[in-house]
1. Being more than 20 Å from residue 46 (Cβ to Cβ), more than 14 Å from the chain's Cα centre (by Cα) and buried (at least 20 other Cβ atoms within 10 Å of the Cβ), is that true of even one residue in the range 182-189?
2. Could you grab me the full set of residues in the range 200-209 that are part of a helix (DSSP H, G or I) and farther than 17 Å from residue 134 by Cα?
3. Looking for something closer than 19 Å to residue 56 by Cα, within 12 Å of the chain's Cα centre (by Cα) and either at pLDDT 95 or above or surrounded by fewer than 22 Cβ atoms within 10 Å (Cβ to Cβ) (or both) - is there at least one such residue anywhere in the range 143-152?
4. Name every residue in the range 63-114 that is within 16 Å of residue 167 (Cα to Cα) and surrounded by fewer than 16 Cβ atoms within 10 Å (Cβ to Cβ), in order of residue number.
5. Considering 184, 188, 169, which residue is under 15 Å from residue 49 (Cβ atoms), in contact (Cβ under 8 Å) with a residue 12 or more places away in the chain and outside any helix (DSSP H, G or I)?
6. Tell me yes or no: at least one residue of the range 10-23 is closer than 26 Å to residue 184 by Cα, assigned to a helix (DSSP H, G or I), without any contact (Cβ under 8 Å) to a residue 40 or more places away in the chain and more than 16 Å from the chain's Cα centre (by Cα).
């Protein structure tokens with residue numbers, strides 16, 4: 001990646017271009033994005049929120065995240081899996097989240113599939129990190145962005161999730177999830193947080209299936 005995509009912020013620190021000057025977006029970039037995560041609830045939260053993002057911006061979802069957490073039991077998938085039709089109607093009436101019936105129903109479905117995955121693999125972390133790509137994977141960048149929108153590995157992850165009954169998990173959604181959860185380190189060259197995330201990954205033990 002070219003260093004032209006790294007910008008100096010008002011605080012004098014060099015970070016990726018995409019957070020711009022929005023304070024909450026910068027905090028997300030600095031404190032979360034790309035940091036390796038092995039917490040099952042956060043992994044489940046992110047894959048679901050990426051599904052809600054479809055057709056919207058991540059900043060829109062980020063600014064509603066606390067509302068989503070309150071609405072979906074902090075994304076405790078054991079609890080969300082028990083949601084029934086009454087819960088769906090409650091969520092459709094919640095102006096603090098994205099009121100999209102299929103995305104709401106997808107989250108409940110995916111919670112049930114997550115329980116099955118834990119039974120099979122031991123944890124969501126063990127499953128998702130088994131898709132950490134080879135650093136030498138060939139990537140195709142489209143348009144002017146320095147990052148791909150999907151990769152061969154994100155395609156395989158999405159295909160496997162769909163085969164397991166998950167929904168709203170296409171290759172682009174899967175890659176955004178991989179970027180955010182640290183399965184790939186897509187901080188651009190020159191961004192101060194790239195080496196931070198690399199060091200965290202180096203010192204992290206991947207859960208085994």
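The values are calculated or read from the model by the stated rules, or taken from the named source; none is laboratory data. Just so you know, these numbers come straight off a predicted model, no measurement behind them. Ideal geometry is used to build each Cβ from the backbone, glycine not excepted, and the neighbour counts take in all protein chains shown.
1. Yes: the range 182-189 contains one or more residues that are more than 20 Å from residue 46 (Cβ to Cβ), more than 14 Å from the chain's Cα centre (by Cα) and buried (at least 20 other Cβ atoms within 10 Å of the Cβ).
2. Selection gives 200 alone.
3. no
4. Those that are within 16 Å of residue 167 (Cα to Cα) and surrounded by fewer than 16 Cβ atoms within 10 Å (Cβ to Cβ): 101, 102.
5. 169
6. yes
Condition check ((1) more than 21 Å from residue 185 (Cβ to Cβ); (2) in a helix (DSSP H, G or I); (3) in contact with a strand residue (DSSP E or B) (Cβ under 7 Å, 6 or more places away or on another chain)) across all residues:
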{"residue": "38", "(1), (2), (3)": "no, no, no"}
{"residue": "41", "(1), (2), (3)": "yes, yes, no"}
{"residue": "44", "(1), (2), (3)": "yes, yes, no"}
{"residue": "49", "(1), (2), (3)": "no, yes, no"}
{"residue": "52", "(1), (2), (3)": "yes, yes, no"}
{"residue": "56", "(1), (2), (3)": "yes, no, no"}
{"residue": "68", "(1), (2), (3)": "yes, yes, no"}
{"residue": "74", "(1), (2), (3)": "yes, yes, no"}
{"residue": "78", "(1), (2), (3)": "yes, yes, no"}
